[in-house]
Amino acid sequence: MSPTKPLITDPIEQAFKLGEHWVPGIWRYMLPVALTDITLPQERRATCLNCPRAKFEGWRPDYRCCTYHPRVPNFLLGLALSQPASEKIIKTLVLKGFLLPEGMISSPNQWAHYLTDTGEDRFGRSEKVLCPFLEQKSGLCNLYAFRNSVCSTFFCQHDHGDKGDRFWSSLQTVAQQVEMGLGQWALNQLGFDVKAYMKRLNSLSTTIEKVSDPETGAWTPAALKLVWGKFYGREIELLQACGDLVRKHRDELWKIANTIDILEAHKFDRASVRIVPKKYRSEIDAEYFESGDTSPPRDIWRGFKALHKNLWALPAGSLSFSPRAQLMANPKDDAEGKAFKDCTHMVEFRARRNAHDYEWREYIPADKAMALLWFSRRRKVNAALLERLSSMLKQDASQFLSEWTGKKVLTKSLP
Ligand code: SF4
Ligand code: SF4
């Protein structure tokens, strides 16, 4: 008798919808259940399959914002081995030398390639830094149900402007801390000593130039042999075991992640800077050089909940239209204006009141334009205002106010 495939897929392998967003199956287990009560912003303008960056800003229509190498923890790769498309890619990545015991982690040269791209304003346009999980022909992600925290929370435009950006970053940080903690916990449980692994990585700092290939970015065989230790040649076995372990302990993942002290190879990380061309070192995030303790996920979660409250809070006091913003009729004189031909108006926002170039632009329909125009005079936020706005809009009035204050187009005005 041939082996039969189980008819029901394990929910840990299935992406599910949180509000308007699909998130990886593991989120059912590794994050607090309270996440399902959180109202996530819709992010209506990040229309990925009809990507505005590709349409109007010259980004690659195939890769779009997937011109980077995501850090994917070992257990997500292990779980993804259950799917033929991702299994094939993961096995190729092992053979080509792109995976470490912790998962898919950029090598020093891959990191330098990425920073060179951002320094040359090539993010979204890169020829070199391309996620191996993206299927070029369809533009679809072959790791979708197992993608990492960055991929799951990235939106190039936010309904709530910077406030929305901070909200998603905070959720990403919680999820990333859990991913890193669980990845290291799984290794230790399987007899792969993480402390010793970090020491081996640090020992490579003196020969950092020989750790990865300058052209392809792949980790060199010598480096791989050292860091994989007894699992060199048995990489898939270890990844699979990490996935299985997390699957088995699914109901304890949040608790486990909060007990792990995440270890990092600081010496190795600092040495990696030598690989980055001097001209692009300013692209390195300041946080990269911080070697302090990381907060447990539950502390970051508390901050995230506060941001959530603040995101949807009804602004108090009076609001008026910001002098940094301009509302005008949609001129329909370029590709973007024409693509949004159903939007009668456009809002332009500048970093400073009289700045020549705008920071961002958004096309809006007549009802929103009318509601914004109403704030050319200072308006007190009260029940009467909400009622008036509700009659103008095809959207909840308080949601409208939290979004446009988040974008700083409506600002608090002094009495
Ligand atoms: S998030 Fe990425 S794919 Fe989606 S719209 Fe923005 S740039 Fe395009
Ligand atoms: S894992 Fe998927 S979503 Fe993330 S960068 Fe790769 S293709 Fe894009």
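Picking from 112, 85, 80, which residue would you name as being in contact with a Ser or Thr (Cβ under 9 Å, 6 or more places away or on another chain) and within 13 Å of ligand 2 (Cβ to nearest atom)? Step through it out loud before you land on a result.
Details: 112 fails: within 13 Å of ligand 2 (Cβ to nearest atom); 85 fails: in contact with a Ser or Thr (Cβ under 9 Å, 6 or more places away or on another chain).
Of the residues listed, the single one that is in contact with a Ser or Thr (Cβ under 9 Å, 6 or more places away or on another chain) and within 13 Å of ligand 2 (Cβ to nearest atom) is 80.
I'm trying to understand the selection: among the residues of the range 138-166, which are of a type in the set (A, V, I, L, M) and near ligand 2 (Cβ under 9 Å from one of its atoms)?
Residues satisfying the conditions are 140, 143, 150.
Where in the range 310-415 are the strands (runs of 3 or more DSSP E), entirely inside, with at least 2 residues that are charged (D, E, K, R)?
Qualifying strands (runs of 3 or more DSSP E): 360-364.
Can you tell me which of 100, 115 is more than 27 Å from residue 27 (Cα to Cα) and either of a type in the set (Ser, Thr, Tyr) or open to solvent by less than 50 Å² (accessible area, probe 1.4 Å) (or both)?
Of 100, 115, the one residue that is more than 27 Å from residue 27 (Cα to Cα) and either of a type in the set (Ser, Thr, Tyr) or open to solvent by less than 50 Å² (accessible area, probe 1.4 Å) (or both) is 115.
Considering only residues that are polar (S, T, N, Q) and buried (at least 21 other Cβ atoms within 10 Å of the Cβ), look in the range 58-93 and name the one that is nearest to ligand 1 (Cβ to nearest atom).
In the first step, residues of the range 58-93 are kept if they are polar (S, T, N, Q); the result is 67, 74, 82-83, 86, 92.
Narrowing the set further to residues that are buried (at least 21 other Cβ atoms within 10 Å of the Cβ) leaves 67, 74, 86.
Details: 67: 10, 74: 26, 86: 19 Å.
Of everything passing the filter in the range 58-93, 67 is nearest to ligand 1 (Cβ to nearest atom).
Is the range 316-329 home to any residue that is open to solvent by less than 70 Å² (accessible area, probe 1.4 Å), out of contact with any Lys or Arg (no Cβ under 6 Å at 6 or more places or on another chain) and under 25 Å from residue 54 (Cβ atoms)?
No - not one qualifying residue is present in the range 316-329.
Take the residues in the range 104-161 that are hydroxyl-bearing (Ser, Thr, Tyr) and without any contact (Cβ under 8 Å) to a residue 60 or more places away in the chain, then tell me which one is nearest to residue 89 (Cα to Cα).
Here is the first cut: in the range 104-161, the residues hydroxyl-bearing (Ser, Thr, Tyr) are 106-107, 114, 116, 118, 126, 138, 144, 149, 152-153.
From what's left, without any contact (Cβ under 8 Å) to a residue 60 or more places away in the chain: 114, 138, 149, 153.
Details: 114: 21, 138: 16, 149: 20, 153: 23 Å.
Here the residue is 138.
Output the residue which, of all residues in the range 46-57 that are open to solvent by 50 Å² or more (accessible area, probe 1.4 Å) and assigned to a loop (DSSP other than H, G, I, E, B), is nearest to ligand 2 (Cβ to nearest atom).
Of everything passing the filter in the range 46-57, 47 is nearest to ligand 2 (Cβ to nearest atom).
Only one of these conditions is not met by residue 113: (1) within 13 Å of ligand 1 (Cβ to nearest atom); (2) not in a loop (DSSP other than H, G, I, E, B). Which number is it?
So the condition that residue 113 fails would be (1).
Which of the residues spanning the range 58-90 are part of a helix (DSSP H, G or I) and more than 30 Å from residue 257 (Cβ to Cβ)? Talk me through it step by step, then tell me what you get.
Going residue by residue through the range 58-90, those that are part of a helix (DSSP H, G or I) are 64-66, 74-80, 84-90.
Result: 64, single match.
Confirm whether residue 191 is more than 27 Å from the chain's Cα centre (by Cα) and at positive phi.
yes
Conditions: (1) out of contact with any Cys (no Cβ under 9 Å at 6 or more places or on another chain); (2) among the polar types (S, T, N, Q); (3) within 15 Å of ligand 2 (Cβ to nearest atom). Residue 67 meets all but one. Number of the miss?
Unmet for residue 67, out of (1) out of contact with any Cys (no Cβ under 9 Å at 6 or more places or on another chain); (2) among the polar types (S, T, N, Q); (3) within 15 Å of ligand 2 (Cβ to nearest atom): (1).
Can you find a residue that is assigned by TED's automatic domain parsing to the domain that holds residue 99, outside any loop (DSSP other than H, G, I, E, B), open to solvent by 40 Å² or more (accessible area, probe 1.4 Å) and within 15 Å of residue 71 (Cβ to Cβ) anywhere in the range 144-151?
Yes, because at least one residue in the range 144-151 is assigned by TED's automatic domain parsing to the domain that holds residue 99, outside any loop (DSSP other than H, G, I, E, B), open to solvent by 40 Å² or more (accessible area, probe 1.4 Å) and within 15 Å of residue 71 (Cβ to Cβ).
Can you go through 236, 208, 256 and tell me which one is in contact with a His (Cβ under 7 Å, 6 or more places away or on another chain) and in a helix (DSSP H, G or I)?
Result: 256 is the single residue among 236, 208, 256 that is in contact with a His (Cβ under 7 Å, 6 or more places away or on another chain) and in a helix (DSSP H, G or I).
The values are calculated or read from the model by the stated rules, or taken from the named source; none is laboratory data. No experiment lies behind these values; they were computed from the predicted model shown. Virtual Cβ from ideal backbone geometry, glycine too; neighbours counted across all protein chains shown. Areas reflect the complete protein model, heavy atoms only, side chains present, ligands, DNA and RNA absent. Shrake-Rupley method; radii C 1.70, N 1.55, O 1.52, S 1.80 Å.
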